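The values are calculated or read from the model by the stated rules, or taken from the named source; none is laboratory data. This is a predicted model, so every value here is computed, not measured. Here the Cβ is made from the backbone with ideal geometry for all residues, glycine too, and neighbour counts use every protein chain on show. The accessibility values were calculated without ligands, DNA or RNA, using every heavy atom of the protein model including side chains. Shrake-Rupley method; radii C 1.70, N 1.55, O 1.52, S 1.80 Å.
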Number of protein chains: 2
Amino acid sequence: MPYRQDIELCRAETIGGAGVSEAALSAELAALAPALDRLRAACDAGALPALTIAGRTDDLAAITETAARLADHCADVLVLGTGGSALAGRCFTALGREHAGPRLHFFDSVDPDGFEDALGGIDLAGAGLLIISKSGATAETLALAFALLPRLADARGAQALAETCAVITGPPEPGGADSPLRALAAEMGLAVLDHAPAIGGRFAAFANVGLLPASLAGIPPQEVRAGARAVLDTVMGEAKAADIAPALGAALTVAIARERGLTQNVMMPYPARLAPFAHWHRQLWAESLGKDAGASTPIAAQGTADQHSQLQLWLDGPADKLFTLIFGRARGTGPSIAPPAAAGGGADWLRGRRMGDLMAASQAATRDALAAQGRPVRVIEVARADGRTLGALMMHFMVETILAGDLLGVDPFGQPAVEAGKARARETLAAMAAEPAAAKGCPKG
Amino acid sequence: MPYRQDIELCRAETIGGAGVSEAALSAELAALAPALDRLRAACDAGALPALTIAGRTDDLAAITETAARLADHCADVLVLGTGGSALAGRCFTALGREHAGPRLHFFDSVDPDGFEDALGGIDLAGAGLLIISKSGATAETLALAFALLPRLADARGAQALAETCAVITGPPEPGGADSPLRALAAEMGLAVLDHAPAIGGRFAAFANVGLLPASLAGIPPQEVRAGARAVLDTVMGEAKAADIAPALGAALTVAIARERGLTQNVMMPYPARLAPFAHWHRQLWAESLGKDAGASTPIAAQGTADQHSQLQLWLDGPADKLFTLIFGRARGTGPSIAPPAAAGGGADWLRGRRMGDLMAASQAATRDALAAQGRPVRVIEVARADGRTLGALMMHFMVETILAGDLLGVDPFGQPAVEAGKARARETLAAMAAEPAAAKGCPKG
């Protein structure tokens with residue numbers, strides 16, 4: 001297993017009154033037995049493809065071939081997508097910084113200045129597009145595609161677009177019309193990979209939504225799925241909830257929130273390559289469980305930087321947070337950080353040390369400072385920040401989120417309130433079109 | 001004034017039960033009268049240089065001359081600093097993306113992989129360093145400096161370092177020894193700008209800590225200070241609290257948290273160039289007020305992306321958040337996002353629109369969706385995301401934070417718990433040195 005979870009510093013027996021009691025944790029673990037049975041039955045029945053897709057191999061050729069084609073023709077690939085269409089791809093891209101393939105750039109800002117800033121450093125004559133939208137009608141993604149395709153056609157020639165662009169979008173409903181994105185792709189001859197209709201965007205990390213960017217970034221999709229499968233196998237096996245890491249995580253998270261009134265759920269990776277993972281988790285948790293006033297608020301943080309910006313609040317502010325720290329094995333690695341003679345003796349505590357020693361010391365110091373203050377800390381230790389580890393972590397937190405939803409009585413799929421917000425933005429835009437032309441110059445928000 | 005604050009959608013009279021009552025808001029505003037008098041007296045007495053430095057001009061030449069020297073010799077400047085030493089600089093740099101000067105890169109990760117990833121795209125033969133640490137003993141900053149200086153000396157020659165590097169650090173205590181960073185700079189002949197001893201890192205945006213990176217990024221320091229002064233002038237004038245934007249903000253924030261039990265404080269800018277500002281504010285609020293269980297938790301978000309990752313939770317999850325949305329004037333600006341004919345009719349609501357129209361519609365839709373759900377929303381509208389606006393926003397939130405501290409009975413200066421955490425990390429490192437050599441290969445944490 002590419003990671004190890006340790007919840008000892010969340011227990012009341014260890015850290016005192018803010019920790020979870022054995023009784024409360026046991027109660028949630030007991031309630032998880034039927035929830036686990038439901039999850040297993042759903043997987044066996046093929047009703048949870050977001051998870052069981054980790055066992056497929058038949059769809060990988062289309063992913064790697066598309067990635068190879070884009071890599072052949074592009075020095076830069078602009079990924080257009082927002083929320084679940086982009087966050088998994090960002091996570092994989094952060095793992096592959098030393099990869100020799102195309103550079104990936106994620107576009108989700110529709111601020112005109114931000115759009116031009118993001119384009120600033122990119123030579124469109126060597127660029128391609130990967131456009132991701134499950135519905136094929138996401139306003140931001142369409143806007144970015146409609147703004148960029150003419151520029152790309154100018155820079156590379158319209159006929160090159162078929163070689164340099166790809167689209168991931170859902171098939172039309174039976175009997176329904178193609179979405180704007182799908183119709184556009186068909187008309188322009190752009191390759192389309194189907195977004196699995198039964199997998200929501202934030203659960204699509206193991207589908208082409210996550211694995212095509214992964215492949216472009218040099219992260220082998222089969223390794224991601226192998227890591228995911230390793231975790232899913234433990235879930236599908238015979239073990240009881242307490243011995244299955246994501247089930248224990250779900251029980252802990254729900255039990256401690258209920259028993260101690262914790263309202264916030266901080267995720268802080270120390271390995272820099274896992275920094276985007278905290279943002280992926282933030283959406284997964286918020287959008288899956290933020291219903292019926294059910295869920296704690298997920299908060300993304302980053303070690304060691306947030307020791308300098310947030311630790312004061314975490315230690316001495318309200319005791320309303322559960323902390324999940326992701327530790328890397330850094331000790332003894334990295335460049336020397338020994339002070340030169342010119343620095344005098346004031347930094348002697350760095351003498352003989354490597355950069356990884358400082359990261360290891362910071363990890364331990366944060367964990368111990370929080371626990372000493374009675375703040376609950378879950379530690380997840382990873383051996384390496386690679387595709388297999390990330391696949392395992394993503395599967396862990398997908399299962400943890402689904403099981404927590406079961407305990408909370410919340411359906412983790414769907415996002416009804418967001419859909420209402422999107423409809424409101426579309427209506428506002430449609431209303432703009434109906435306004436008299438004289439109003440167009442109006443500078444108001 | 002380069003921004004406009006509107007709190008109507010925070011009032012119970014407007015949004016119902018989750019809003020602040022007129023009585024509660026008035027009570028905090030009344031309590032602010034003596035707090036404002038104390039703040040004005042402190043400024044008049046020179047006891048709050050973090051704010052009154054906005055009125056200085058005598059220190060600007062040293063800042064702009066140092067920036068010009070680095071710009072002459074460097075295509076890239078690596079800024080070493082963490083927390084308050086970096087966040088203001090990141091904010092200014094995001095404003096200046098189209099500037100022709102050196103590219104700025106902020107280094108605060110001591111993960112060995114993250115360090116090498118960040119270095120990957122930079123040619124050290126054209127690079128310089130700006131090293132920022134008030135204490136001159138911050139572990140991460142020293143580690144990065146000790147790791148990078150030998151590489152830079154290899155790439156450019158040791159004698160070039162005096163032209164390509166600069167240091168901002170505090171002077172020694174009276175009778176005390178130089179910090180390691182200061183001793184290093186003296187020995188190597190690196191230019192040192194003094195970090196004002198009476199200005200804490202997170203309040204140092206208008207000092208050289210913020211303005212040297214600003215100047216490197218093409219943002220005129222005098223414009224930043226002019227924006228800050230415009231806000232400070234309203235504070236120092238005769239107006240009553242309700243007519244001073246940051247005082248009204250402080251009263252609102254404290255009153256609504258007390259009356260409605262709100263525990264979280266979300267800051268979401270829509271202009272992409274203001275995205276780092278939410279992180280700057282996050283540290284300012286957390287580290288200043290996260291004491292004695294006093295403060296709400298600040299949360300940084302980004303429009304429009306977080307509509308897709310967080311809005312579900314914000315609308316339908318726990319009603320425990322105050323939202324501050326920063327709106328840009330985007331309508332009618334940016335590239336056309338009109339759907340091409342090939343997209344069919346499914347995106348007709350984008351016909352005739354520009355990208356800025358979509359941002360404007362998204363801003364309005366989020367505001368209205370939150371208010372319709374009874375969630376309190378403060379709107380701050382900016383005309384342009386430039387140095388003057390950012391200076392004004394930073395001054396607004398410094399004053400708001402200081403006044404909120406006064407209302408909460410919390411000293412907003414100092415960060416005792418963080419200092420304890422730093423000491424713990426230093427002790428862990430010192431203990432590593434004392435361990436037998438055989439333990440060095442141990443892969444644990």
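Structure notes:
- With Rh defined as the Kirkwood radius, the inverse of the mean 1/r over Cα pairs, the Rg/Rh of the range B:52-221 is 0.93.
- With the Kirkwood sum run over all distinct C-alpha pairs, the range A:125-277 has a hydrodynamic radius of 18.7 Å.
- In this entry, the protein assembly as shown is assigned a mean projected area of 35.5 nm², taken as a quarter of its C-alpha convex hull surface.
- If you take the Cα centroid of the range A:188-204 and the Cα centroid of the range A:54-88, the two points sit 11 Å apart.
- Among A:Thr401, A:Thr304, A:Thr389, residue whose mean-square fluctuation peaks in a GNM of chain A (springs only between Cα atoms under 10 Å): A:Thr304
- Exercise: per-residue mean of other protein chain Cβ atoms within 10 Å, B:413-424: 6
- Under-5 Å amide H pairs with A:Ile299, H placed in peptide plane, nonlocal only: A:Asn265, A:Val266, A:Met267
- For A:Leu193, distant residues with modelled amide H under 5 Å away: A:Val167, A:Ile168, A:Thr169
- Mean-position separation - Cα centroids, the range B:99-141 and the range A:368-424, in angstrom: 31 Å
- The local environment of B:Gly405, defined by Cβ-Cβ distances under 10 Å, has a net charge of -2 under the rule Lys, Arg +1 and Asp, Glu -1.
- Here the 3J(HN,Hα) profile of the range B:238-244, calculated from phi with Karplus coefficients 6.51, -1.76 and 1.60 at θ = phi - 60°, is 8, 4, 7, 3, 5, 9, 10 Hz, Gly and Pro shown as x.
- Backbone phi angles across the range A:278-287, fed through the Karplus curve with coefficients 6.51, -1.76 and 1.60 (θ = phi - 60°), yield HN-Hα couplings of 5, 6, 4, 5, 4, 5, 3, 5, 5, 7 Hz in residue order; Gly and Pro are listed as x.
- Fluctuation leader among A:Thr164, A:Thr141, A:Thr14 - chain A, Gaussian network, Cα springs under 10 angstrom: A:Thr14
- Basic side chains Lys and Arg get +1 at the Cβ, acidic Asp and Glu get -1 at the Cβ, and with that the dipole of the range B:98-226 about its Cα centre reaches some 380 debye.
- The residues of chain B have, on average, 33 Å² of accessible surface per residue, using a 1.4 Å probe with all protein chains present.
- Spatial extent of chain B: Rg and Dmax, with the Cα atoms as the point set, Å: 23.4, 76
- Dmax and Rg, reported as Rg then Dmax, of the range A:105-199 (C-alpha, Å): 13.6, 43
- Taking amide H as placed 1.01 Å from N in the peptide plane, the amide H of A:Asp178 sits under 5 Å from none that are at least 5 places away or on another chain.
- If you run the Gaussian network model on chain A, springs between alpha carbon atoms under 10 Å, then out of A:Arg388, A:Arg282, A:Arg354 the most flexible one is A:Arg354.
- The calculated P(r) of the range A:95-149, using every Cα pair and 10 Å bins from 0, goes 19, 51, 28, 2 in percent.
- Carbon plus sulfur fraction of accessible area for the range B:244-335, probe 1.4 Å, in percent: 47 percent
- Here the scattering of the range A:1-132 is modelled by Debye summation over its C-alpha atoms, one equal scatterer each and no solvent; at q = 0.20 Å⁻¹ the log10 of I(q)/I(0) is -1.20.
- The 1.4 Å probe gives accessible areas that order A:Ser21, B:Ser135, largest first, as B:Ser135, A:Ser21.
- Buried area at the B-A interface (accessible, heavy atoms, 1.4 Å probe, summed, Å²): 9900 Å²
- In Å², nearest 10: area of B:Asp348 left accessible to a 1.4 Å probe: 80 Å²
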